[in-house]
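See below for the structure under consideration.
The values are calculated or read from the model by the stated rules, or taken from the named source; none is laboratory data. Remember, it's a predicted structure, so these values are computed and weren't measured experimentally. Using ideal geometry, Cβ is built from the backbone for each residue, glycine included, and neighbour counts are taken over all protein chains shown. SASA here: full protein model, heavy atoms, side chains in, ligands and nucleic acids out. Shrake-Rupley method; radii C 1.70, N 1.55, O 1.52, S 1.80 Å.
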Amino acid sequence: MNVAHELAPTRAQLEKLARPLGFVPTMGALHAGHLRLVEVARRECKSVAVSLFVNPMQFGPQEDYERYPRDFEADSALLAQAGVDLLFAPESTTMYPPDFSTFVDVGKLGTRFEGAARPTHFRGVATVVAKLLHVVEPDVLYLGQKDAQQTAVLTRLVRDLNFTTRVQIVETVREADGLALSSRNAYLSVQERAAATTLYAALQMMLKEIRAGRSVEEAREAAVRVLSSQARLEYLNLVDAQTFSRLQTLRPPAFLIGAARFGRTRLLDNLWIRE
Ligand code: PAF
């Protein structure tokens with residue numbers, strides 16, 4: 001199999017696109033959060049490319065790779081409507097030939113929080129995004145703030161591996177009741193969906209308490225009280241925005257990050273404290 005040969009039509013299309021070229025990597029199951037990334041990319045760039053690839057390397061063995069929502073027809077219609085110039089939806093064998101063995105190791109940052117819960121996750125994310133950046137060679141990479149640690153990992157990857165792409169982080173899109181949009185919200189029952197809104201409420205409470213001068217621990221205790229009894233909290237912490245090491249006092253730029261399970265669904269959310 002010759003991967004360069006398989007990618008030749010995509011490369012030829014990419015070469016025709018006007019610059020600057022914005023790039024939005026996705027795993028499909030598109031929602032308004034993805035479309036916001038496309039909208040911002042369209043505003044800031046002359047062309048926009050989107051990838052759609054459910055990346056097996058970023059799922060652990062017990063995770064939801066098989067049941068991850070997939071609807072190629074609906075996704076490509078949404079992207080056409082949003083004015084995307086190029087949709088790159090590679091086959092798994094194009095991204096990972098049978099003897100594939102080269103990975104991007106993201107170091108300590110990739111072992112904290114999400115990396116602790118999902119030990120091979122960031123290696124998988126970094127590897128696929130490095131490969132996508134090689135194929136697409138965009139001027140700007142658009143990432144959603146909802147996956148805060150992913151934005152830190154990929155910003156670091158771009159810097160460490162000398163990609164010339166600029167990383168642009170776009171704020172989380174929320175439902176009217178505050179729930180951050182996520183493809184995994186589709187798994188929630190009505191009761192779980194109602195309980196899930198308390199993750200954002202808890203983060204807001206924690207920020208309010210920290211700003212009011214409480215210690216991080218006191219603020220965390222107040223935040224936990226806001227969480228639904230149905231939530232199984234995994235973490236709720238104040239971290240440095242670049243290293244994701246814990247902070248005991250507010251030192252922006254920082255994130256308040258949270259992860260909790262609602263039924264079988266694990267959700268993330270965060271608040272970005274820029275100053
Ligand atoms: O955020 C996602 O959807 C994925 O982690 C990404 C960046 C497309 C890599 O597979």
Next on the checklist: Going through V128, V140 one at a time, which residue ends up being aliphatic (A, V, I, L, M), touching an Asp or Glu at 6+ places or on another chain (Cβ under 8 Å) and in contact (Cβ under 8 Å) with a residue 24 or more places away in the chain?
Outcome noted: V140
Next on the checklist: Can you say whether P119 is at pLDDT 95 or above, under 26 Å from R232 (Cβ atoms) and part of a loop (DSSP other than H, G, I, E, B), as far as the supplied structure shows?
Outcome noted: yes
Checklist outcome for this item: Output for Cβ contacts, cut-off 8 Å, separation at least six or different chains, first residue free of Cβ contacts under 8 Å to residues at least 24 places away in the same chain and open to solvent by less than 10 Å² (accessible area, probe 1.4 Å) in segment 148-160, second within 13 Å of the ligand (Cβ to nearest atom) and not in a helix (DSSP H, G or I), reads T151/L143; T151/G144; T151/Q145; T151/V167; T151/I169
Item to check | Qualifying position, being within 14 Å of the ligand (Cβ to nearest atom), modelled with pLDDT of 95 or more and open to solvent by less than 30 Å² (accessible area, probe 1.4 Å), among T198, T172 | outcome: T172
Item to check | Candidate set: segment 224-257, residues that are more than 18 Å from the chain's Cα centre (by Cα) and among the β-branched types (V, I, T); chosen: the one most open to solvent (accessible area, probe 1.4 Å) | outcome: T249
Item to check | Residue check, L236 in a strand (DSSP E or B) and in contact with a Gly (Cβ under 8 Å, 6 or more places away or on another chain) | outcome: yes
Checklist entry - Going by the structure shown, is T165 open to solvent by 70 Å² or more (accessible area, probe 1.4 Å), closer than 23 Å to P25 by Cβ, more than 13 Å from the ligand (Cβ to nearest atom) and among the β-branched types (V, I, T)? => result no
